[in-house]
Each structure stands twice: as C-alpha cells, then as structure tokens.
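Heads up, the thing below is written out as structure tokens.
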Amino acid sequence: MTDLHRLSIRELSEGLKQAQFSSRELTEHYLKRIAHIDPKVKSYVTVTAEQALAEADAADAALKAGNAHALAGIPLAHKDIFCTQGIKTTAGSKILDNFISPYDATVVAKAKAAGLVTLGKVNMDEFAMGSTSENSYFGATSNPWALDRVPGGSSGGSAAAVAADLAPIATGTDTGGSIRQPASFCGLTGLKPTYGRVSRFGMIAYASSLDQGGPMARSAADCAYLMNVIAGHDSKDSTSVNKDVDDYVAKLNGTAVKGLRIGIPKQYFNVAGLDADVKARVEESLKKLEEMGAILVEIDLNMTEAYVPTYYLIAPAEASSNLSRYDGVRYGYRCDNPKDILDLYKRSRSEGFGAEVQRRILIGTYALSAGYYDAYYVKAQKVRRLIQQDFLKAFENVDVIAAPSAPTTAYKIGANLSPNEMYLGDIYTLAVNLAGLPAINAPVGFDKDSLPVGLQLIGNYWSESQLLSIVHQYQQNTDWHTKRAAIAEENV
Ligand code: GLN
C-alpha cells in the first residue's frame, strides 16, 4: 500500500484492527518516507527506526490477541523536548547534544502505554525559544509548503513532519504559541490545552508557569485521539490538575455551533503588521462559522498592547532560573580543559547555549535582580493578572474568542528579523499562556503565495473538547485541513 500516510487516525485504527495492514507495514512505510523525504524537510533530529519496529511488532501482537488500545500500532513523532528513556533528548541545544534521558516524560510513557509507535524526535528552537525553529543547534527545518520558508516554531519539526506526512501525529509544546503558530504556518490543527491538563513531567522546562504540551495533527479529530492519550492528572507534576478528562473523540460533535457566541476582539484586527490575506482568510472562516449558526460578537480585549512586553519579561525570568541547572557539571555539554570551577561554568554555558537563549537568560536575570525585581518582574506579574481578568470578563458574554494565530504566514528561512520584530509576531498567542487558557489553530486557507493561514479559537478553562468540537464541525463543512503540500503527495 502506497497511500497509508493519507489515512486519518480513525482510519488507521480501524485498518489495524481489521488487519488490512499491520503496524509493522505502517511503520516501515513511514520510515521509508522519512528516509526519502526528510533530507529535504529536515524535521527529525533522531529517527528511532529499530525501536519503532520493535514497538510495531508488540502492537501487532496485541492487535492479534484482541487486547490492543484504540491507537495501538499508530506511529507518532515527539518534539525533542520530551525526555525519552535511552534516546537522545536535546531540546534543540548543543548543551544537551549528548544527553540520554534515564526516564520517559509522562506524555511519552502514556503514548507508549497506549501502544503508539515512536518514529523519532523532531526539531525545535533551542529550549523552545523562537518562532522559526532556526534557533536549533541542529539547523533549520523547512516548511513542507515552501522549502525556503520556516515551519514556524518552536514546535517546527512536529509541524513539518506531519505536514510532509512523515508522521500522522506529533506532540508539541506551547509556552507562547509554539503549537498554534507552527500549526498555522504548516496548515495543521494544533491544540494548546489548559495549563495543568497535560503533564509537564519530563518535558524540559522553558517557562514553567506557561509551558503546556499538546497534540499536532491534520484535523481536530486526529488531535482528539492523541488528547485522549496524553491528557490527565499526574502526581509527578504538581501543577497538573486532578480533574476528570473528557473523552475528546466521543465529544467531537458535542458542542452546538448553532447559537455559539464567538467573540471578535476589536483590538486584534487592528494590529499593525496583520497581513491583509491573513485577515481576509480569518474573516472568511468566521463567515463560514456564522453560516453554520454561530453568532459573531464584537468584544474588547483592552490589554492587547501589554501581551508582548509582559510575556517577554516573565518567560525569560523563568527561563533564567530553569536553565541555571545546565552548568557543565552534572550532565550535558562541558567545555574543554576548564581552569577552575568558574571557568567551567562560564565556558560550558557560553559555548553550550545559542545566542537567543543567552539573550533571554540575560534579560531574565536582569528582571529578577534585586534592584529591578519590583519594577520589572512584579509589575509584569500584576499585568499578567489584568490580562487574565480581561479574558474572564470577555467569557461572561461569549463562548469562545476568535483571532488569527499569527499576523503573517511563514517567513523566509534566514529572513533574520530583529528580536523585537520576531517577538511582535507572537502577539496573538502569548496572552493565552499568560492566562493559562486553552486555544486551537485550524487551517482556513492560503495567502497569495499559497502559504497556509490559521484561525485561532480561544476557549475558557477546560474547554478543550468544545474547541475540538467546533473545529471538527468546521472541518466537516470545509476541506482546508485535507490540502496537502506537494512534497506530502510524493510517493516513495
Ligand atoms: N515564540 C515564542 C517564544 O519565542 C513562544 C515559544 C513557545 O511557545 N515555546 O518564546
């Protein structure tokens, strides 16, 4: 079979159960595609072929015995920020280039327990800091829709792998947009869950109060299958919330679009730098939802201007603390011939961290230093609370909030935007993390250069199943999510 990579997760699951194909065949199919196509896309940092085939055989045995989980035998790729026992976990950094984790992240352990087959680890911006995946020590990943463009970031490898059909689903993480923006740039569906819904145990920390893992796939339905596996309380993550998990698949049609109140923030559609095509496609998608019965309501989100400065203080502050553990002593990169302990710290960190990571450690350390703590860090925390309250007020009147996921489509590789220009591209995604809310990206068409555009829907706390359901129904009425890049159409 040459077209196994065109099947949805539901079709893959049924095909495996009915023995139309085996997990070994499916896994070999994806490994072959990776071998032929990934040299052009460069989405994988590590391919775990041998282990994948062993996992596939185990899944086939379980399928034969009739005691397999719904997703047993289906391949996936993990962002290289999730610790994988016995397999290199780099977080896109030179400082972890030699790091082999002694344990699995909870997300990875859950995927294994569900019988999913790990194809490998995919590229990302170093420590998830960035919006292009170019900040990876391992080099840039290409956008399958245009190989001279970035796939977005930081989960750019996850997005590129799925968009090129080099994995049917992938995990990502989102601290300030890193699931939604690459999903937008690559024409995929990606869900950032409520803070606390998916365990952060074994997910290398960037900014712990903002980080959250989630699924990336072609459709909301495919994301729902992966959410069913990875969501839930974990006693190993003290911020994970002990609250019942929905059956996201069963609830795909559970939210009525008829009468659904969608808030349209005035401020969001007047942002300087919002591309005209992006605006037009997002507005068309909202029209479509209106035709399906939704009610569009103009709302105010008055704190919009504060999003970028607030995030770019809090995230680096937390990063500067989290990244202090990489000291060249316990694990990771160590400089050659250190003169003394101070030299060892200094050179290991200067040589091991890339420029963007160093910039953020410096900014964060500054914001947390005694003389500036109140003026910067405490102030940012207060503004963060105001941003959250702005959303809570909005949700008194609407069910979900609509926005673009990003003001533009994918940038050219090497465009070399200044840090400030780059940070402004995060305007639509950061507030969701600051408030801890869930949000989803759905593909809604293309710009004049045939690059994908994404719609973002932001929900109230714990509304993941509602967001997936709305996008699922939109996808039943449209076909943007079925469009494939030319490179994904290649048969190998
Ligand atoms: N682009 C944002 C940043 O550079 C968000 C990254 C993320 O969500 N991990 O920090």
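Between ASP479 and ASP148, the contour length at 0.36 nm per residue exceeds the Cα-Cα span by 116.6 nm.
Just order 246-253, 338-345 by mean Cβ neighbour count inside 10 Å, highest at the front, would you?
Details: 246-253: 17.5, 338-345: 12.5.
Output ranking for 246-253, 338-345: 246-253, 338-345.
The modelled label-to-label distance between LYS251 and ASP97, using points 7 Å beyond Cα along the C-beta direction, is 4.5 nm. In units of the rule-of-thumb radius 2.2 N^0.38 Å, the chain shows an alpha carbon radius of gyration of 0.92.
Net charge within 15 Å of VAL492 by Cβ-Cβ distance, Lys/Arg positive one each and Asp/Glu negative one each, not counting VAL492 itself? Before the final figure, lay out the partial values.
Working: positive: ARG6, LYS32, ARG33, LYS40, ARG484; negative: ASP3, GLU25, GLU28, ASP38, ASP165, GLU489, GLU490.
Residues close to VAL492 contribute a combined charge of -2.
Charging the Cβ of each Asp and Glu at -1 and of each Lys and Arg at +1, and nothing else, the dipole of the chain about its Cα centre rounds to 560 debye. Projected label points at ASN491 and GLN389, each 7 Å from Cα along the beta carbon direction, are separated by 6.1 nanometres.
Near SER348, once Lys and Arg are set to +1 and Asp and Glu to -1 for all other residues with Cβ below 14 Å from its Cβ, the sum equals +2.
With 0.36 nm allotted per residue and the present C-alpha distance subtracted, the GLU291-LEU424 stretch has 44.6 nm of extension available.
For the stretch 188-322, calculate the relative contact order in percent as a whole number, restricting contacts to Cα pairs under 8 Å that are 6 or more residues apart. Relative contact order of the stretch 188-322: 26 percent.
Using the Cα centre of the chain as origin and beta-carbon charges of +1 (Lys, Arg) and -1 (Asp, Glu), tell me which of LEU7, VAL444, GLY190 is placed farthest towards the positive end of the dipole. Sorting the options by dipole projection puts first GLY190.
Length gained on full extension, LEU362 to ALA61: 103.2 nm, using 0.36 nm per residue less the C-alpha separation. Here LYS88 is the anchor, and the aspartates and glutamates within straight C-alpha reach of less than 13 Å, apart from those fewer than 8 places off in the same chain, are ASP80, ASP97, ASP104. Which shape class applies to the stretch 159-277: rounded if a/c is under 1.5, otherwise prolate when a/b exceeds b/c and oblate if not, where a ≥ b ≥ c are the square roots of the Cα gyration tensor eigenvalues? The shape class here is rounded. Between TYR372 and ASP336, the distance separating the two model label sites (each 7 Å from Cα on the Cα→Cβ line) works out to 3.5 nm.
Computed from the coordinates by the stated procedures, all read-outs in this text should not be read as laboratory data. Source: prediction; values computed, not measured. In this analysis, Cβ positions are derived from the backbone assuming ideal geometry, glycine residues included, and neighbour counts consider all displayed protein chains.
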